[in-house]
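K.L.:
Just dropping this structure here.
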Amino acid sequence: MSKNQNDINQADRLSRITLFTVSLPFCALIAAIGIFWPDVFANAVSAYTNTVFRSLDWFYMLSVTGFLLVCLWLALGKYGKVKLGKPDDEPEFTTGSWLAMLFAAGMGVGLLFWGVAEPMIHFSAPPVGEAHTPQAAHQAMVITLLHWGLHAWGIYCIGALVLAYFHYRRGLPYLAGSPIRGAFQGKWVEPVARIADLIAVLAVTFGVAGSLAMGVLQVQTGLHVAAGVPVTTSAAMVILILLFFSYMTSAATSLDKGIKILSNVNMATAIALMVFILFAGPTAFLLRGLVNTLGDYLASLFVFSFRLYPYENLADWMGSWTLTYFVWWIAWTPFVGIFVARISRGRTIREFVVGVILAPSLFSVIWFSVFGGTGIYEETHGGGGIARIVHEDVTTALFSLFDRLPLSEILTALALVLVYIFVVTSVDSATYVLGMLTSQGSMDPPTGRKLAWGIILAALGGVLVLSGNINVVRAGAISFALPLTLILLIQAGALIRALGEEQPADPSAGT
C-alpha cells in the first residue's frame, strides 16, 4: 500500500473516531431545543431556510441542473464505459432485480403523501396563471414532475456514482469525505473532508427525521378517517412511539432479510394500489393524461430547469416548493447513495446513469399521472372539493381521494399499512447508515450505535411533529442539507479529476 494511501486511511480513521462524539450530541442538543422551546426551533429553521433560499436560489437551481447535466455527460461521453469495479467484475444482480431495488430506494412515504396533494395544490394555486383551468392542470403536472423526476434522480445519481467509483475503483469507504481525500492533495483536504463527513451525517439525520414526522402525520390522518381517532398531539406521540419501538426492534435484531422482504412487499403493494386506482378511476382520462404529461414534461424540461420567476416576484413560492424539494433530495443523497452504490458493482457508468435516472423518473411520471390525474378529474368532472380539503389539511389528500373510489375503506387501510412499513424500513435503514458513517465506515456497525441514532431520530421527529406545521417539517428536514450542496459539487469535481487521471491506462474505459 502506498504512503499516500496510508495517509488517507489514517486521516479517515482520525476523522471518524471523533465523528460520532461530535454529531450525536449536536443532534441531541437540537432535539432538546425543539422539545423545550418548540416555537424558537420552528421560527429559527424557517427563517434560516427562507433567508438562504432568497439569497442563493440561483445557486441551488444551477447546482441541481448541473448535477443532472454532468451525469448525462458522463454517460454519453468516453467515460461511459468505465466499470464500477475491476475489468472482469460482473453485475451482482440482474438488470430487473437491480431496477426493482432502485425503485425501492426511491419509493417511500413521500410519494404516498404527495401523490394527490401536490398536483392538486399547484392546480388550485398555480404560481403563474389562473387556477382550475386546463393550463393550470398542465402546469401542475409539469411542476410536480420537476420536483420528483429527472432532477431528483440526477442528485441521487451523482452522489451514488461518486461513492461507487471511489469504493470499487479506489477501495475507499462509503463516506462523504472519501472522494475528497482520494482525489485531492493539500492541507485543506483533511479539514474539508471532515466537514463533509459531519455534514453528511447531519443531513441524513434531519432528512430522515422529516420523513418520520411526515409519516406520523399521515398515519394520524388515516386513523382519523378510518377509525375516528382524534387528531391530537397526544395521538401523534403515541403513533411516534409505536413506530419507534418497531424500527428499534428491527435495528436491534439486524433483520436485514426481513427489511428486504418488507421493502419488496411494500413496492409490490404500492404498484398494486396504483394499478387499482388506474382501472377503478377514469382509466381513459388517466392514460391520455399520462401521455400528455410525459410530453409536457419533456417539452418544458429545459425551461423549468432554469426558471426562478424573478419577474413574477415568486421567491417565496420557489423556496417553499422547488428549492425545498431539491435540497431535500440532497439531504437524502448520502443515505440513498450508499444503498445504490452497494448494489451497483460491475455496472458501467453508462448503465448506472441510465438505470438510476431514467427508470425511477419514468415511474414517477406514471405515479403522479395516476394519483394526481385522478384528483384533477374529480375536481373538474366529478364532485369536486378535493382541492379545498387539501388546502385545509394536506395530510388528508390521499384519503379524500379514496372516498371517491370503490372499496375506500380497504384502500385506506392498505395505505396506512404502506405508510407505516415505509417509515419503519426507512428509519431502520437510516440507523444502519448513520451507524456505519460514524463507525469508521464499518459495514457492520455496533448495535448500540444504531440504537443511539434511533433514539435521536425519534426525538427529532417528535420535535417536528410537535410543530404541527408541514412547512416547518420540510424546513427542518433540509436545514443541514443546504451546505451539503457544496460537498456534492466538490465530490463531482473529485470524480471528474479521478476519471481523467485513470482514463488513459484503463482498458475498460474505451476511448
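K.L.:
Just to confirm the number: angle between the C-alpha axis of helix 447-467 and the first principal axis of the chain, 0 to 90 degrees, nearest 10?
P.N.:
Approximately 40 degrees, to the nearest 10.
K.L.:
In addition: Between segment 328-349 and segment 150-181, what is the separation of their alpha carbon centroids in Å?
P.N.:
One Cα centre to the other: 7 Å.
K.L.:
Let me ask another. For segment 294-336, rounded, prolate or oblate, judged on the Cα gyration tensor with a ≥ b ≥ c (square roots of eigenvalues), a/c < 1.5 rounded, else prolate if a/b > b/c?
P.N.:
In terms of gyration-tensor shape, oblate.
K.L.:
May I ask for the longest run of the chain untouched by chymotrypsin sites (Phe, Trp or Tyr not before Pro) that are loop-located per DSSP and have at most 12 neighbouring C-beta atoms (other than their own) within 10 Å?
P.N.:
So the longest stretch without any such site is 312-511.
K.L.:
Give the separation of the Cα centroids, segment 360-388 to segment 279-305, in Å.
P.N.:
For segment 360-388 versus segment 279-305, the Cα centre distance is 11 Å.
K.L.:
Once you have a ≥ b ≥ c as the square roots of the Cα gyration tensor eigenvalues for the chain, tell me rounded if a/c is under 1.5, and otherwise prolate or oblate according to whether a/b is larger than b/c.
P.N.:
Prolate.
K.L.:
Can I ask one more? For the chain, what does -39500 (n - 2.57) per DSSP helix run (n ≥ 4), summed and divided by total residues, give at 222 nm, in deg cm²/dmol to the nearest 500?
P.N.:
-26000 deg cm²/dmol
K.L.:
Roughly how tilted is helix 408-437, in degrees to the nearest 10 and between 0 and 90, from the longest Cα axis of the chain?
P.N.:
It is inclined by approximately 20 degrees.
K.L.:
Helix 150-168 versus the longest principal axis of the chain: what angle, 0 to 90°, nearest 10, using Cα atoms?
P.N.:
Result, in degrees: 30.
Laboratory data are not the source of any read-out in this text; all were calculated from the coordinates shown. None of these values were measured; they are calculated from a predicted model. Virtual Cβ from ideal backbone geometry, glycine too; neighbours counted across all protein chains shown.
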